[in-house]
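Data block below; observations after.
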Amino acid sequence: MIEKLQSSPDLAALLWFCVAIFGYRIVASFGPLERRSIVGAIQRQREKWLLNMAVRDGRIVDAHLLGGLAQGNAFFASTSALIIGGMTALLGSGEKVQVLLDRIPYVAKSTPAFFELKVLLLIVIFVYAFFKFAWAFRLSHYASIMIGATPLLEADRSNIAGCESHAVRTAKLIGVAAEHTNGGMRAYYYAIAAMGWFFHPVIFAILTSWVIVILIRRDFFSRSRRLIAGT
């Protein structure tokens, strides 16, 4: 299997990468922890936003705000597709690229087949990011429709409960879109870690740990989270 992943350090670094990214996803999605994260804090603000939207007449601003978020997803989806094309072009060029990398001190030697395995890892990461951003873009479109379908308040506000129920469901749908956007953004972080594998498995492992630390800090201990949560 490609020289048994070439070496034990390479195998250990790849296993640590897989354990770290999947483990963090499981832990960060755990109910009580998620509610304390920036994801949970912003979801509570989304519900407030949509509840405010439900009880006022003008909703063009809300659709405009959501459209801006959707355009961000479209940008990253197209960027991911371009990166996939560039990475695919590298397949079959392992010998030429490795010659350039070998000029850098302390870079681990790699066979062409093993180099292509590293490229394939990056391609898989960006394919994952593409699908995440593309689906988030589609969900944002659905959420815009939900905003447009929000019931209008009667003069006596007798249907306010229905409006608020619809608003909460719309906020949850936007939250699902944001989860996919968040997954796509994390994939870009993970790609930075995976790039370290081209140089040395130790660098790969260190960058993986560094990325996880950054994600933990930004999700749970950042100033942004405290400002959004009001704590």
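The values are calculated or read from the model by the stated rules, or taken from the named source; none is laboratory data. Everything numeric in this text was worked out from a predicted model, so none of it was measured. Neighbour counts are summed over all protein chains in view; Cβ atoms, including those assigned to glycine, are modelled from backbone coordinates with ideal geometry.
Within the group 128, 190, which residue is surrounded by fewer than 18 Cβ atoms within 10 Å (Cβ to Cβ), touching a helix residue (DSSP H, G or I) at 6+ places or on another chain (Cβ under 6 Å) and of a type in the set (Ser, Thr, Tyr)?
On the way: 190 fails: surrounded by fewer than 18 Cβ atoms within 10 Å (Cβ to Cβ).
Criteria check complete, one pass: 128.
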**Request:** Return only the number of the condition from (1) touching a residue at least 12 places away in the same chain (Cβ under 8 Å); (2) under 30 Å from residue 107 (Cα atoms); (3) among the hydrophobic types (A, V, I, L, M, F, W, C) that residue 160 does not satisfy.
**Result:** (2)
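Quick one: would you say residue 11 is surrounded by fewer than 16 Cβ atoms within 10 Å (Cβ to Cβ), farther than 30 Å from residue 204 by Cβ and either modelled with pLDDT of 80 or more or in contact with a helix residue (DSSP H, G or I) (Cβ under 6 Å, 6 or more places away or on another chain) (or both)?
So residue 11 fails the test.
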**Asked** If you take the residues of region 197-231 that are under 27 Å from residue 105 (Cβ atoms) and free of Cβ contacts under 8 Å to residues at least 12 places away in the same chain, which of them is surrounded by the most Cβ atoms within 10 Å (Cβ to Cβ)?
**Response** 203
**Fill in**
Taking region 18-68 and keeping only residues that are assigned to a helix (DSSP H, G or I) and among the small types (Gly, Ala, Ser), one is left with 20, 23, 28, 31, 40, 41, 54, 63, 67, 68
